[in-house]
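Values quoted throughout were computed directly from the atomic coordinates according to the rules given, and no laboratory measurement underlies them. Just so it is clear, the model here is predicted, and its values are computed rather than measured. Don't worry about glycine lacking a Cβ; one is built from the backbone with ideal geometry, like all the others, and counts go over all protein chains shown.
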Amino acid sequence: MKSLLLALLLVAASLFAQETPQPGPNLPFDQANAVVRYDCTSVVVNGDGSGETLHRYRIALLSDRAVRQYAQDETVYNLGYDTVEVIAARIHLPDGKIIEVDSSSIKDVPLPAFGKFFLQNVREKIITFPALEKGAEIEVMYKEITHEPPMDGEFGLSDYFEHTDPMQKKVVEISVPQEMELIWKVRGAGVAHLKYDRDGRTHHSWSIQDVPQMVPEPGMPPFPETARQLLVTTVKDWQTWSKWYSQLAEPEMTADSSIKAEVAELIKGKSRDESIRSIFQFVSNRIRYVDTALTGRKAGYKPESAPVTYRNKYGVCRDKAALMVTMLREAGIESNIVLMNPSWKIDQDIPTDQFNHAIVSVQQGDSQIFIDPTVEKTTEFLAANEQDRAVLTCTEEGKNLAWTPVEDATKNLYRVSATSKLLDDGSMSSVIKIESRGFPDLALRSYLQSVSPQEREIMFQGFVQGLAPTARLDSLAISELSDLDTPLDIVLRVSAEDYAIKAGQYWLLNSIAQGRKLDFLSSWLMAGSELTERRYPLRLESTFAVHMGETMEFPKGFKSPQSARST
């Protein structure tokens, strides 16, 4: 294996040194901000799943925006699995001068702490390119050494053959021992595949040329669902993943005396369904979502032990899921930890590691219900974007993929109902009631809890003033935000002078409930639907229903034109 990798390195280094940039004006993609000249990945895999990967790319920067975008190359890796070595990095200036990036501009640092988490075992290799300018090209070659794969003895990879910048050439090469069978799939057209055997190894190559840039549009599905993608694995089926993660998690899901006592208190005098909800709300709201150190073998996959998470009162998704399973089992309720991906749809054809989240399944007769203990401040068991998502229940015998249900739209209901009164002088008073269920309830409740009462009043006053220039908020009543068993209700008492405008024998006025001022949900969830032509499907985060209605009382003797015509 070492001799094969050495040969790859020598060939790549030779090509790296010999290539010269084409003049900018002759580029076939001269309308883009940048052009990926080539992007090549060469992987040599050992029989135990370890191996080395050589990455090599070159990018032409055609605009000031591209100079800012590519000013740094950042590669994140986990010391428990990989190390990264920069072999070479350079800049080709428009005048033909070549600047080598020296070691002082290449840093290896812990993942920065300005994000939500500080992960001491996760590091970032940062290359900062000096003297960049429009028309320059950057060129990088680095090696990624995998000394331990997540699943022992197995290999997996995903890569894209499409980019938000156009690509002139993209190549992925994988060399595996001849006895190691690759299962693979390319989603999208135009990618060529070549396979041959030599010296006891099987070599695969996938390539494509002259790929137009992917231009994002509002409301499109995420990049991993839409781009041309290569998925590769040696894992034979989803049941293998299910059994593997069960073996990893089960030792951490044992209740200690503290958990036993907590469960006994939570389920005292409650039915089975009430006990499930009680345990869910405890883990959801009392165990904070804060990352734990990614150290130890199988870091990032193996959950923290349930007693440690219970004692700390914090953890990430896998830690919270393991604790909830432990507590449910202590209550005599059959449950398991579940892998899923709420961000984009998993490709069910290829059992690669496409998961980024852990939740819980509860056996309910012959079926399962799925519960996400990271969803806070709600009575709903799943977040809105977790509908119609592939889920893998992890058990000793192994399960296949299943799917979370698609909810009826009325379960995620946002209702505005107004009872209004118009007076002889054209002034108006109204009682506006806002009711929410499901996802709208979670969105509203979470936001209102995050701001002060004064900020809430300012927000609703803004909504009210959008109804009419003279409208004012006379009073605001919000149901108890911390009572998750009671749906969120909001009551606004509103008045406005000169609400109706005299026009001859008619009064002209708008219906409060028929405008979009009080319907914040539709415009957010339907973003992108206004496009008359689309290149990509419209992605909705959730099913939802919006009901807007108003009852208007007119002064005695007044009729609407409709009622006048009907008589």
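General observations
- Using the Karplus relation 6.51 cos²θ - 1.76 cosθ + 1.60 with θ = phi - 60°, the per-residue 3J(HN,Hα) values for the stretch 79-87 come to 4, x, 10, 9, 10, 10, 10, 7, 8 Hz, with x marking Gly and Pro.
- Taking a point 7 Å out from the Cα of residue 541 in the direction of its Cβ, the residues of the stretch 407-448 whose backbone N falls within less than 13 Å of it are 439-447.
- Of the residues 492, 61, the one with the fewest other Cβ atoms within 10 Å heads the list, and the complete ranking is 492, 61.
- Here the residues 320, 433, ranked from fewest to most Cβ neighbours within 10 Å of their Cβ, fall in the order 433, 320.
- Simple label model, 7 Å out from Cα along Cβ direction - residue 215 to residue 348, nm: 3.4
- Across the chain, the relative contact order, built from alpha-carbon pairs under 8 Å that are at least six residues apart, equals 11 percent.
- Take the Cα radius of gyration of the stretch 362-496 and divide it by 2.2 N^0.38 Å, N being the number of residues; the result is 1.43.
- Highest-first packing order for the peptide set 307-316, 194-203 is 307-316, 194-203, based on the mean count of other beta carbon atoms within 10 Å.
- For the stretch 410-566, dividing the convex hull volume of the Cα atoms by the residue count gives 163 Å³ per residue.
- For the stretch 207-235 and the stretch 30-47, distance of Cα centres in Å: 14
- Total charge dipole magnitude, the stretch 410-566, about the Cα centre, Cβ charges on Lys, Arg, Asp, Glu only, Debye to nearest 20: 560
- Relative to its residue count, the stretch 241-406 spans a Cα convex hull of 114 Å³ per residue.
- Nearby lysines by direct alpha-carbon distance to residue 270 (threshold 27 angstrom, same-chain neighbours under 8 apart not counted): 260, 313, 320, 377, 411
- Based on every Cα atom in the chain, Rg and the maximum pairwise Cα distance Dmax equal 29.4, 97 Å.
- Per-residue HN-Hα couplings for the stretch 518-523 [Karplus 6.51, -1.76, 1.60; θ = phi - 60°; Hz; x = Gly/Pro]: 9, 10, 6, 6, 4, 5
- Spherically averaged projected area of the convex hull of Cα atoms, the stretch 37-193: 11.1 nm².
- For the pair residue 64 and residue 131, label points projected 7 Å from Cα toward Cβ lie 2.2 nm apart.
- For residue 556 and residue 529, a Förster radius of 35 Å and the Cβ-Cβ distance give a FRET efficiency of 0.20, rounded to the nearest 0.05.
- Long-range HN-HN contacts of residue 316 with modeled amide H, under 5 Å: 290, 292
- Under the Debye formula (equal points on every Cα, no solvent term), log10 I(q)/I(0) of the stretch 68-110 at q = 0.21, 0.27 Å⁻¹: -0.85, -1.15
- Reported value for the stretch 463-502: 68 Å³ per residue, from the convex hull of its C-alpha atoms.
- The value for the stretch 107-237 of Rg(Cα) / (2.2 N^0.38 Å) is 1.30.
- Taking 18 Å as the cut-off, the amide N atoms of the stretch 333-375 that come nearer than this to a point 7 Å along the Cα-to-beta-carbon line of residue 270 belong to 333-336, 360-364, 369-375.
- Dipole check for the chain: with +1 at the C-beta of Lys and Arg, -1 at the C-beta of Asp and Glu, and the Cα centre as origin, the magnitude is about 900 Debye.
- Ordering 184, 466, 149 by Cα displacement along the dipole of the chain toward the positive end leaves 466 in first place; charges were set at the Cβ atoms of Lys, Arg (+1) and Asp, Glu (-1).
- Förster radius 56 Å - calculated FRET efficiency between residue 308 and residue 181, Cβ distance, rounded to 0.05: 0.90
- Converting phi to 3J(HN,Hα) with the Karplus coefficients 6.51, -1.76 and 1.60 and the offset θ = phi - 60°, the stretch 541-550 yields 6, 7, 5, 7, 10, 10, 10, 10, x, 8 Hz in sequence order, with x at every glycine or proline.
- Along its three principal directions, the equivalent ellipsoid of the stretch 284-356 from the Cα gyration tensor extends over semi-axes of 23, 16, 12 Å, largest first.
- By the count of neighbouring beta-carbon atoms within 10 Å, fewest first, 392, 423 end up ordered 423, 392.
- Other residues with beta-carbon under 13 Å from the beta-carbon of residue 275 carry, at +1 per Lys or Arg and -1 per Asp or Glu, a net charge of -1.
- Pairs from 268/298; 170/345; 125/236; 107/134 whose Cα-Cα separation, in the structure shown, is over 31 Å: 268/298; 125/236
- Equivalent-ellipsoid semi-axes for the stretch 207-247 (Cα gyration tensor, √(5λ), whole Å, largest first): 32, 16, 5.
- When the convex hull of its Cα atoms is projected in every direction, mean area for the stretch 223-284 (nm²): 7.6
- Between the C-alpha center of the stretch 394-468 and that of the stretch 320-393 there is a gap of 26 Å.
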